Structure formats: structure tokens, C-alpha cells
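The values are calculated or read from the model by the stated rules, or taken from the named source; none is laboratory data. In this text, all values refer to a predicted model and were calculated from it rather than measured experimentally. Positions of Cβ are backbone-derived with ideal geometry, glycine not excepted, and every protein chain shown enters the neighbour counts. Surface areas here come from the heavy atoms of the whole protein model, side chains and all, with no ligands, DNA or RNA. Shrake-Rupley method; radii C 1.70, N 1.55, O 1.52, S 1.80 Å.
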Amino acid sequence: IRLKEGSKVQVHGLKNRDELNGTIGRCLQFDAEKLRWGVELPGGQKILLKMANLLPVDADVEPATAGPTGAPMPASAAAAAATESVGTKAAEADATLSAAADAGGSQHITGRGTSPVPLEETTSEPPDIGTNTGATPMAEQNAQEMQDLPELKPAAVDKSGRWWQNESASAKFADQLRANEPTLKSLCLVPPKRFAEEDVERICDALEVNTCCCELLASGHALSEAGCKRLAQMLRVNRTLQMLSVGNSSLADRACFLFEGLSENQGLTSLDLEHKGMTSEACLALANALCQRAQLGAADLTTLRLSRNPGLKAALSQLASAPAPKQLLLADSGLGEDQAGDIGRWVARGVEDLDLRENSSLGGDGLDAMLKALLPKTCEQPPLLQRLRLDGCAVGDDGLEALATACDRGLELEELFLERCEATVVGCRILAPKLRRRRLRLLSVRGNLIGDEGCELLADCAERLDLSAVNLSPQVLPVLGEQPAVISLELFNNPQLGGQAPATWCSELRCEHWQQLEQLDMSACSLGSDGFRLLCCTLLEKPRLMPRLQGLCLGGNEVEDTDELNDLSEKLATARGLRVIW
């Protein structure tokens, strides 16, 4: 993995400072003498960390080479050590979790190419990930896992607005905005950057004359009434801003002042109001603003994020009459059967992507009521809804039956998420025949104990299947392999695939199967070192097996970190041209 200055990384495997595990930071400079990367964490703390304690989030891949001590290190870092010229650059510290972290434990990444394509696209909400519990052997060799970096030269980090020195980045950004610099398209002022009252005033002044910047990302800061009013004034004038994300969970009723400006704005297409503590009054003000801007001829929003707002329930009937965004996020808002009809009517107005995750009171009856409102008997054309997330909504088998009925009435989904929905094989028997008529692009039933029969029923229902934590056994693998359309398969946390089982199922993998498979995730399946070795050797010995495979994720399988297995994974990655994560 080639880390470079500015690369985003996730800290993991620390023992003395385990509270930092999971933190997202940015690489500063590589210390060629100590073979460690300088990393800047949120809040401005700078530490030295070994490669073993860093999970790449947006790094490139390049071959390793021998470092000064003979230990492997990135080729670019070795070159930097030879010339003793390593620059420094600080960058944004907004959090995006690594897909590789889903496996937990120590991670090794080998091979070339892009990272494995995840089953779902990433959204602004953190994905469900496992917990990193193990430290790598490299971390155990040295109890001094990190140390402060007083030697970093302040002059070398003068490119990111000086926010780590408790000064404001807004002054520099405001100058760039007033100069109308065409490269400044997105303005990020999330913590630890400052967005106090004077910063709001400074940025709004500049945005009123700017014609290039498209995004203002300043979520996570408390906004006063004066700050909301100033932002509203800016929205009345600005015509180029498309994305707005401001405020924190204390915004509450003060959002009403912000929406006064929104009602007169015609440029915004994406509005992030997640976890803003919005009351019913604020939600009603939002509904009115959306209607008023539509009367001005403004285009409908493409994205509206309203998750985790307690006042949403009381205002849904009014919001259902407002123009609908293409993407609507209402996750974890305490929505239940009483609100289901309003949700369905709002979605019917043109929502293409609906996120209802973690509304555990919805249940099967609520989903049925929502779908009936979405598809009334007088419906002349199918709804536009293509992507539906129902994770943690406790819809159960009744919900799967409601979905099957909706498919008969014209529902044509492309992606369906049913993770942790308390579904069983009974619901799979009802839904699977309906989904087969129009194969989904993506189906996730992660965390439902549907067993082998449920997996077999759903095997030919989607191109990308997530069958993680469903209690499947090796006996279902041949059925999955026979599916010609499956290009991505996630089998995370199915321990029956591990233990002694790989000795049998690895030898039974058939080359005529798995012809289209590009991504395979068997993380946390209790493979152990023997299972890891068997699977890698099988793929090496049978080059015609899974010929299109690009990514193989085997993390969290309690595999020993030995030279033999490292060499084996490198050999597999090189021979097959794929990326191996373990």
C-alpha cells in the first residue's frame, strides 16, 4: 500500500492508547529513520505510527521494497528515505470508514487494482462495521507505539488554513471565495475547524459574491439565532451553492430562521439536516420552505437528509405534501405504523432512494401500510422508487410478504436492504419468486437467520448478494456458484464455513461455476490459517476458477501473520491480478 502525504487512514491495533483505535487521520510525513508515518488526528494531535497500525482509507497500491533495516516498506517511502526529503501536507479530517475494517482484527492488503467494490455505495452514515479486537504482531514488538511530533515544522503545514494552531481557516477560505478561485468548489469547515459567529459572517459575506463554490460543509457546530439568520440572508443571494450542511444536534427551532432563506433560494439541490434536534415546528417550517421554493420555479432537491430528528413524526403529513427529493433519508427517527401512510404518499411524489433504517417501530404492518400508500389501487404507473433500505425495521416475514404483494402491483426495485429485519426462511419463500422475475442489482439480507434454504431461494435474485451472518453452511456454496449473474458475494460472519470445513468445500469448488464473480468476502468465517492456506492454494492451482475475481476479503479469520502466508497471499495477488485483504 502506498501511503502518501494527505492519505486518509484509520488507526487500529494500538494497545497502550486503545482509545485512538478507529480514529480517522491524515498522513503528514514518513520518518525514514524510525520507519513510521506522522499522522494528524482530529483536534490537531500529531503522532508517529507504524504501518501495521494504519488501515488505508484512500491510499493507492504499489509494490513493496526493502527499507534501510531490511523490513518491507513502500517504494515511494524508500525513495524518500534515500533523498532525505519528505514534504508535509495537512488536509481535511472528515470521517469515512474503510471497507476493509468490516472484517475486524489485523488487516493485510496485497495486490494491484482498485479496492473491492462494496455491496452498497457509501453514504454519509457510517456503515455497520465489526470491532477491531486484535493487535498486529508488529505492534507487539514495540510497546512504544507512538510519540508526539514536536519536530514537525509549522512552515511545512501552512497549506490548510492554520486551524491546528487555533486560528481560523475561514479567513483563508473567504479570501479564496472573494477571489472567485475556480478550484474551490467545496468548502469544508467541519470540526476541528472553527465555524464560530465571526466565521459564519466572514464566509457568508464571501459566498454572496462567489460564483464558483458549490458546497458548504460546516456540520457539527452549534449555530446561534444570529448565525442562522446570516446563513438565510446568504441563501437569498447566492445562486451557485448546491449542497448545504450546517448546524449540530442543538439546532432545534433555530432551523426555522435558516428555512426562511431556503424558501427564497433556487440553487440548492442537496440539504443535510441529519441529527439536528429539529422539532415539529422546524419540520413544519421546512415543509413550507420546500413548497415556497417550488412556487419560485426551483428544481426539486436531489438529496434531503432528515435522519435522527425527533420532531419528524409530527410533521410528516405536511412534508408529504412538499416536493419530493430523489434521495430521502429518514433513518432512526422513531417512525412507526402511524407515519407509514404519509411516508408512502411522499415517496409516491418522486423519491427514488428511500432510507428508513433503524425505525424499529415500523414493523411488517407499517411497511404494508407504506407500500399501499405508495401503490394505491388507482396507480396508473409504477413508482420511481428504486432503492429501499429497511435495515433494523423489524418488518419480519409479514414485511417480506408485503414486498411480494407490492411487486405484483408494480414495484420495480433495483436495490433492497433487509438487514437485521427478523426475517426467516418463511418470508424468503414468499418474496423470492417475485424478485426472480426482475433480478435486483443488489440484495442484502445480512443478519437474518434464514439458513441454507433461505440462501438457496435468494441465490438467483440479485447480481450483488450480501448473505453475511445468515447461518449458512458449506452445503449452499455449489448453489451460489451456479448462479451466472452473481458478480459480488458477501459471506461475512458465517462460521460454519470455517473450522475443518474448508478441507472439504475448497476441493469441491468447480471451475465451471463462479464465472462472473468479481468480489468475494469471507471475512470472520473462522477459516484460520489452514482454511486461508487451502483457499489461496486452490485459487492458485485452478486459474480457471473464478476467472473474473478482482477482490478477495479474508480479514478477521484468525490467520497467523507468518512469512509463509504473507508470501502466499502475495503470490496469489500477483498470479491472479487481484487484491487480497486479510
TODO: Rounding to the nearest 20 debye, state how big the charge dipole of region 418-566 is about its Cα centre with +1 on each Lys and Arg Cβ and -1 on each Asp and Glu Cβ.
DONE: 960
Task: Vicinal HN-Hα couplings computed from phi for region 403-419 (Karplus, 6.51 cos²θ - 1.76 cosθ + 1.60; Hz; Gly/Pro x) - done: 5, 4, 5, 5, 4, 5, 9, x, 5, 10, 7, 9, 9, 9, 10, 10, 6
TODO: Report in % the part of the accessible area of region 497-557 that belongs to carbon and sulfur, leaving out ligands and nucleic acids; probe 1.4 Å.
DONE: 46
Task: DSSP-loop trypsin sites (Lys or Arg not before Pro) across region 365-429, with at most 11 other Cβ within 10 angstrom - done: LYS377
- [ ] Measure out, as a whole number of angstrom, how far apart the alpha-carbon centroids of region 237-307 and region 335-407 sit.
- [x] 24
Task: Listed pairs LYS8/LYS46; LYS8/LYS326; LYS185/LYS229 exceeding 20 Å between Cα atoms - done: LYS8/LYS326; LYS185/LYS229
Task: Solvent-accessible area per residue for region 492-576 (1.4 angstrom probe, square angstrom) - done: 46
Open item on the list: Can you tell me which lysines have their Cα less than 25 Å from the Cα of LYS542? Leave out same-chain residues fewer than eight positions away.
Closed with: LYS571
Open item on the list: What is the percent carbon and sulfur in the accessible area of region 387-481, measuring with a 1.4 Å probe over the protein chains and ignoring ligands?
Closed with: 46
